[in-house]
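*Asks:* The structure under discussion is supplied below as structure tokens; questions concerning it will follow.
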Amino acid sequence: MMNLDQTSAGLRLAAALNRMAVTFHGMTAHPDEHNCECHWGSAEELAQLKVPDVELDLDLLHRAWRPLDWNDHASVLRRVLPQLSRVLVGGLVEPFFDMEEIGRSFARGQWQQWPDEHAAAIWEFLNAWWAHTLIDPDPAVPAHEVLALCSEASAALSPWLHVWEAQTSSVADHHLAKAVAHWEYDLLGDQLPWGTWEDEDEMRIELTAWLIRNAPARLRTQNAPAELLHRIRLLGLAGPARWEDPHWPGHHY
């Protein structure tokens, strides 16, 4: 049964999706846009990107947001955003375990430089989706994947961590425990747990410091295994102090 916070977050997300649909209604790829037919797809498929508001099959949608070589990536992104935002929330976009790639597609479109109405719609969508994910007991996309997408899309990690820090529900704590289990191998090897185009070391240091400060108490409320708590503690150590610790998990890099 949904509580009041979940209902409110769900309504906010629905409104954000509707705003995306309204804001980007009628958008098309640039009339002269093209791509390699033998590698990207057919002329008929390309033509669909130049017709507004026609639903694309998921494979074509994937081939629309992913390429690095559109002449006008921003126009292609605007064309697919209403559908892309819906299927993101539904967990229907591949690659499921590399959502940061979709965030980088947003970044390539330089959406934060678009007209205020357009940029505001995307910002609210990302924020509404993130807020909803944190209090959804079974989100279609895991919280750590949504975080990677939002961070890459916005070229910033802090805003999303601030929201997670403020959301202290048991559901948000459960998502944190799952995220730590997913991240600990990379972080203990001084690597960011997702690929980034930003300053990887800076982002990794920020994430590590946030976890050291916030994760232990929240993981204890989830009865997290002692070894997982030790791995958070190990993040605060460097060099031999880390890998010579009795609780070093034996990771090889």
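The values are calculated or read from the model by the stated rules, or taken from the named source; none is laboratory data. What you are looking at is a predicted structure, and each value in this text was computed from that prediction instead of being measured. Positions of Cβ are backbone-derived with ideal geometry, glycine not excepted, and every protein chain shown enters the neighbour counts. Side chains included, ligands, DNA and RNA excluded: accessible areas come from the protein's heavy atoms. Shrake-Rupley method; radii C 1.70, N 1.55, O 1.52, S 1.80 Å.
*Asks:* Could you check how much of the accessible area of the chain is carbon and sulfur, as a whole percent, using a 1.4 Å probe?
*Replies:* 55
*Asks:* Keeping every protein chain present and rolling a 1.4 Å probe, give me the accessible area per residue for the chain in Å².
*Replies:* Per-residue accessible area for the chain comes out at 48 Å².
*Asks:* Does segment 168-219 come out rounded, prolate or oblate, given a ≥ b ≥ c as the square roots of the eigenvalues of its C-alpha gyration tensor, rounded meaning a/c under 1.5 and, failing that, prolate meaning a/b above b/c?
*Replies:* Prolate shape, in that a/c is at least 1.5 and a/b is the bigger ratio.
*Asks:* On to the next question. Quote the FRET efficiency, to the nearest 0.05, computed for Leu229 versus Glu200 with a Förster distance R0 of 30 Å and r equal to the Cβ-Cβ distance. Can you show the working numbers first?
*Replies:* Details: r = 26 Å, r/R0 = 0.86.
So, using R0 = 30 Å, E works out to roughly 0.70.
*Asks:* For the chain, what relative contact order do you get, as a whole percent, if you take Cα pairs closer than 8 Å and at least 6 residues apart?
*Replies:* 17
*Asks:* Using a ≥ b ≥ c from the Cα gyration tensor of the chain (square roots of the eigenvalues), is it rounded, prolate or oblate, where a/c under 1.5 gives rounded and otherwise the larger of a/b and b/c decides, a/b for prolate?
*Replies:* prolate
*Asks:* Roughly how many debye, to the nearest 20, is the charge dipole of the chain about its Cα centre, given +1 on each Lys and Arg Cβ, -1 on each Asp and Glu Cβ, and no other charges?
*Replies:* Charge dipole, the chain, about its Cα centre: 760 debye, nearest 20.
*Asks:* Determine the shape class of segment 19-96: with a ≥ b ≥ c the square roots of the Cα gyration tensor eigenvalues, call it rounded for a/c under 1.5, and otherwise prolate if a/b is greater than b/c, oblate otherwise.
*Replies:* It is oblate, given that a/c is not under 1.5 and a/b is not larger than b/c.
*Asks:* Please report, to two decimal places, log10 I(q)/I(0) for segment 57-200 at q = 0.18 Å⁻¹ as given by the Debye formula with identical point scatterers on the Cα atoms and no solvent.
*Replies:* The Debye formula, applied to the Cα set alone, gives -1.09.
*Asks:* Using alpha carbons only, how many degrees (0 to 90, rounded to 10) separate the axis of helix 170-188 from the longest principal axis of the chain?
*Replies:* Result, in degrees: 80.
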